[in-house]
Structures are given as structure tokens and as C-alpha cells.
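Only one structure is covered here, and it is reproduced in the block below.
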Amino acid sequence: MTSAIHPIHPRDWALLIALSILWGASFFCVGVALKELPPFTIVFLRAAIAALVLLLIVWLRGIPMPRGGAGWLPFVGMACLNYVVPFSCLATGQTFISTGLASVLNATTPLFTVVVMAAAGEERLTARRVVGVVVGVTGVAVLRGVDLRQAETGIGVALCLCAALSYGLSALLARRRLNGFAPLTTATAQMVVATVVTGVVAASVDQPWRLSVPSASAIWAVVGLGTLSTALGYVLFFRIIARSGSTNVMLVTLLIPVTAILLGTVVLHEHIGMRELIGAGVIASALLIIDGRAVTWFESRRWRGERL
């Protein structure tokens, strides 16, 4: 059954901006942590810290958690698609490409979400959305067209796009399987499962017990990732989903590159060229076309002008 994308609830615009800041800063924190820690260890520590924080809040507030295998099963898929796969891809991708480029590629998430929803029969793929997807893909091509000739950069771009696709699939799963759960319950259950999965991966690949003790800056970066970007971020994320829908919340990725690029440029001294800026602008245009609100507002203004 198809359905239209509903406008974002007025209260959720502030949450969307706050979420974009938290997740935009996460690219910076990952960039800092990657100087001393391997990707899968960072992803595991981020999940573990977030899970501890959220479990404490759930316990203090007396919020019930899922029971039995059937109760936890929906959160296994969500944890993998909405955390394990995308965060592992993004963290690994940032070892090949800059923080700013990774965040801009992450902004293609709504493009993948539109395609996934249409393919699953959840939402109608209108002409406007087709145009938006084409414009978005063009933006990605413009973004790093020349550097894709370099194998390592191509790997980084591919990993970040895989993360965006995984987010799109998680939006479909959230719509079909997680309706009726409280945002805090959903966020906590997802992070508990993600901790277990990423713990196994990190132990197998990175063997973190063999690593040297990281510096204070790397430790604080990981703590910030776990508490703010992940624990608080996912509470906001699922709250927006509950009220405004899973497709709308993915528009947060339009705002994320602003924070990530600024932090990457100012603090990590990463170079941002004209190609990145043009590509980001094209992707932003695609998201505005897909969202439709700007187009509707422009048409209504034009109609009023003709009437006058």
C-alpha cells in the first residue's frame, strides 16, 4: 500500500536541527579517534557506551524492555541496518576519504530511502522524486568525479554509499516492524543488540586488547560519540520517526555536512575544494526536490502572483 510523505511536524524541526549537529559532529569525532583506534573498535565502543547510558535511563524511568526472542527479533535487523553496517562502513570509509566528503556522501541517504520505499511498495515513486534521485546521483558524480580514478578514494566513496543504502533499508524496516514502540525503548534495544554484534566483529578483526592506550583526545572523542552522537542522537531519531515518519527523518542528512565540513576544515585542517561545494549544492537541490515543500511553496507563491 502506497502512501505520501507527510510534512514534518513543527516540533520536529528543532529536533531535526539538533540531530544534524549531533551526527555532524560524529564525523569529526570519528576522524579524531581514527588517528589512534581502528574502525571496528570505535564502532563497538560507541555502541557500548550508548547502550550503558540508555539502559541506565530506562532503568531509572522504569520503562519496560522487550522480552524473549520474539520481542527482541525486530531490533536485530534494525541494529544491523541502522547501526552496525552503516557505522562500520562510514568509519572504515573515513580511513580513505576526508570527514567532509564522507558526510556529504551520507547526504544521499534520502535518495536511497525514496528508491527503497518505492521498490517495496510503501510510497509512490512520482516524477518529482525520480528527478530528485537523478539530480542527487549527478551531485555524487560531480562531488568526486576526478578522484574516483584513485582506487583508495573509490573504496571510501563506495563504503559511504553502502552506508546510505543501509540507512534507506532501515527506514523501511522501521516503518514495517517498529510501530508502537516508545522511542527510548527502540533506541535502547537497538544499541544493546548493536553492542553484541560489533563486539564480536571488533574482537575478531581488531583484537582491541592488543592496542595501546589511546590519548585523552581520542578517549573524549569516543565518549562524545557514545553519549551525545549515539545515545541522545538515536532518542531524537526515533522520536522524530514516531511523529513525522521514517522518510522525513532521513532528510537530517541534508544538514549534517554543514557541521561535519566545518569541523573537519577548522579542526582537522582538511581541504574542501570547489568540487565538494558544488556537489553538496547539487545534492541539497535533489533533497529539496524530493521533499517537495519548497516546490509547493514556490508554486503557491506563483499562483498567488498570477491571481493578483
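Just so it is clear, none of the values below were taken in a lab; they were calculated from the coordinates. Keep in mind the model is a prediction, meaning the values are calculated, not measured. Cβ sites come from the backbone with ideal geometry, for glycine too, and all protein chains shown count toward neighbours.
Some observations on this one:
- Computed packing ranks the peptides 17-27, 53-63, 79-89 as 79-89, 17-27, 53-63, most packed first, by mean other Cβ atoms within 10 Å.
- Highest-first arrangement of 205-218, 29-42, where packing means the average Cβ count within 10 Å: 29-42, 205-218
- Among 66-75, 219-228, sorting by the average number of other beta carbon atoms lying within 10 angstrom of each residue, highest first, gives 219-228, 66-75.
- Applied to region 82-93, the Karplus parametrisation 6.51 cos²θ - 1.76 cosθ + 1.60 on θ = phi - 60° returns per-residue 3J(HN,Hα) values of 9, 9, 4, 5, x, 5, 5, 5, 5, 5, 5, x Hz, with x for Gly and Pro.
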